[in-house]
Each structure stands twice: as structure tokens, then as C-alpha cells.
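Q: Structure provided below as C-alpha cells; questions to follow.
Read-outs throughout are calculated quantities, based only on the coordinates presented, and are distinct from any laboratory measurement. As the structure is a prediction and not an experimental result, all values here were calculated from the model. Here the Cβ positions follow ideal geometry from the backbone for every residue, glycine too, while neighbour counts run over all protein chains shown.
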Amino acid sequence: MTETSSRRILLVAACALIDADGRILLAQRPEGKSLAGLWEFPGGKVEPGETPEETLIRELQEELGVTTKVACLAPLTFASHSYDDFHLLMPLYVCRRFEGTAHGREGQAVKWVKPKMLRDYPMPPADEPLIPYLMDLL
Ligand code: C5P
């Protein structure tokens, strides 16, 4: 048995929202949550019965007031990271077509960031390895 296989697997879907200027939206994890203060690609836990796309459509609306649809979510890559108490699997989607002005509906800070500036924002360890894939894309 590998170390990873003894851990609970958590499936989280994440999304790189990209605006007309090629900037990417980062959201800051709020106080009181794990990894508070770090900047992440928005998204959330895939609930039972949901596809990752359905999770993102729900979470982008709940967290950011942004509306999108499955046809506008393109899978880019997958994060796979072992935290102390679980192993995180996190598909990253790219979304360039959405409606609404993104704002932190749960009090979290949000920021549109140029690709070359992404490394200036401290991220959870699962999110950071995703940056080169976005740099290649943009
Ligand atoms: O956002 P939430 O707290 O529900 O996510 C569960 C866990 O998944 C977090 O505690 C964090 O360890 C991880 N996570 C992450 N990167 C994200 C979202 C969540 O590493 N973009």
C-alpha cells in the first residue's frame, strides 16, 4: 500500500476564470478556513451526485456571483496533492465565457491577475503546480 492510498481522497473542482485581457481570477481563502490568506483558483468540493462541472457552476455562482455553463468549462489539467489528512484530487478547468462581475460573495478578496504575476500570490501547495499549464495556455 502506498502512503497516498491510506488517505481519504477529497475531490475538489477548480476553475481559472479568464477575462478579456487574459487575466486570471484568484480568490483569497478567508479567515477561519484552512490555508487562510492563501490565493486559490476558485471552486469547491464535489458533492455526491455532482459532476465537477456542476460543482463549478454552483460554486462560481455562490462564491463569486458568476454564471457559466458546461460548454464554457474546458478541462486543462489535474492537481494531485497529499495534505496531512487527505489526498486532494483537483481538476482545473478554464472558463473564458461567463456572465456577471466577479466579487467575493462570502467576504473573500478576489483579484484579476496577469499570468506572469501569478507567482506573486502565495497559493495552497495543490494549486501552485498548475501555474505553468496556465502560462502555456495564455
Ligand atoms: O475550499 P475547501 O475548504 O472546501 O477545500 C477543501 C480543502 O481542499 C482545503 O482545505 C484545501 O486543503 C484544499 N484546496 C486546495 N486548493 C483549492 C481548494 C481547496 O488545496 N483551490
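Q: According to the Kirkwood expression over distinct Cα-Cα pairs, how big is the hydrodynamic radius of the chain, in Å? Each step should come with its number before you reach the end.
A: Details: mean 1/r = 0.0659 Å⁻¹.
The answer is 15.2 Å.
Q: Pull up all non-local amide H partners of M123: gap of 5 or more, or a different chain, and H-to-H distance under 5 Å with H placed in the peptide plane.
A: Counting only residues 5 or more places away or on other chains, the set is W39.
Q: When a/c is below 1.5 the answer is rounded, else prolate if a/b is larger than b/c, else oblate, so apply that to segment 61-138 with a ≥ b ≥ c taken from the square roots of the Cα gyration tensor eigenvalues.
A: Details: a/c = 1.39, a/b = 1.32, b/c = 1.05.
Cα axes put segment 61-138 in the rounded bin.
Q: Could the peptides 24-30, 129-135, 93-99, 103-109 be put in order, highest first, of the mean number of other beta-carbon atoms found within 10 Å of their residues?
A: Working: 24-30: 19.6, 129-135: 15.3, 93-99: 17.3, 103-109: 13.1.
Packing proxy ranking, top to bottom: 24-30, 93-99, 129-135, 103-109.
Q: Any idea what angle helix 52-64 forms with the longest principal axis of the chain, computed on alpha-carbon atoms, 0 to 90 degrees, nearest 10?
A: With rounding to tens, the tilt is 60 degrees.
Q: Also, quick follow-up: Can you give the net charge of the other residues whose Cβ lies under 11 Å from the Cβ of A79, counting K and R as +1 and D and E as -1? Display every interim value, and only then the final one.
A: Numbers: positive: none; negative: E40, D127, E128.
Here the charged neighbours net out to -3.
Q: Which ³J(HN,Hα) values, rounded to whole Hz and listed in residue order, are derived for segment 15-30 from phi using the Karplus coefficients 6.51, -1.76 and 1.60 in 6.51 cos²θ - 1.76 cosθ + 1.60 with θ = phi - 60°, glycine and proline given as x?
A: With coefficients 6.51, -1.76 and 1.60, one gets 9, 9, 6, 10, 8, 5, 8, x, 8, 10, 8, 10, 10, 8, 5, x Hz.
Q: Okay, helix-only estimate at 222 nm for the chain: each DSSP H run of n ≥ 4 adds -39500 (n - 2.57), divide by all residues, round to 500 deg cm²/dmol; what do you get?
A: Numbers: 2 runs with 20 residues, N = 138.
For the chain, the value works out to -4500 deg cm²/dmol.
Q: Simple spin-label model, 7 Å along Cα-to-Cβ: E62 to E99 in nm?
A: According to this spin-label approximation, the distance is 2.2 nm.
Q: May I ask you to compute the full-extension gain from D120 to K33, defined as 0.36 nm times their residue separation minus their alpha-carbon distance, rounded to one decimal in nm? Walk me through the intermediate numbers first.
A: Working: separation 87, 0.36 × 87 = 31.32 nm, distance 2.13 nm.
Net length gain for the segment: 29.2 nm.
Q: Straight distance only, please: which aspartates and glutamates reach the Cα of K33 with their own Cα at less than 19 Å, same-chain residues fewer than 8 apart left out?
A: Filter leaves E47, E59, E62, E63, D84, D85, E106, D127, E128.
Q: What does the charge count near L25 come to, summing +1 for each Lys or Arg and -1 for each Asp or Glu among other residues with Cβ under 11 Å from its Cβ?
A: Values: positive: R23, K111; negative: D19, E40, E63.
With Lys, Arg at +1 and Asp, Glu at -1, the net is -1.
Q: What is the local net charge at V46, summed over the other residues whose Cβ is closer than 15 Å to its Cβ (Lys, Arg +1; Asp, Glu -1)?
A: Numbers: positive: R8, K45, R58; negative: E47, E50, E53, E54, E59, E62, E63.
With Lys, Arg at +1 and Asp, Glu at -1, the neighbours total -4.
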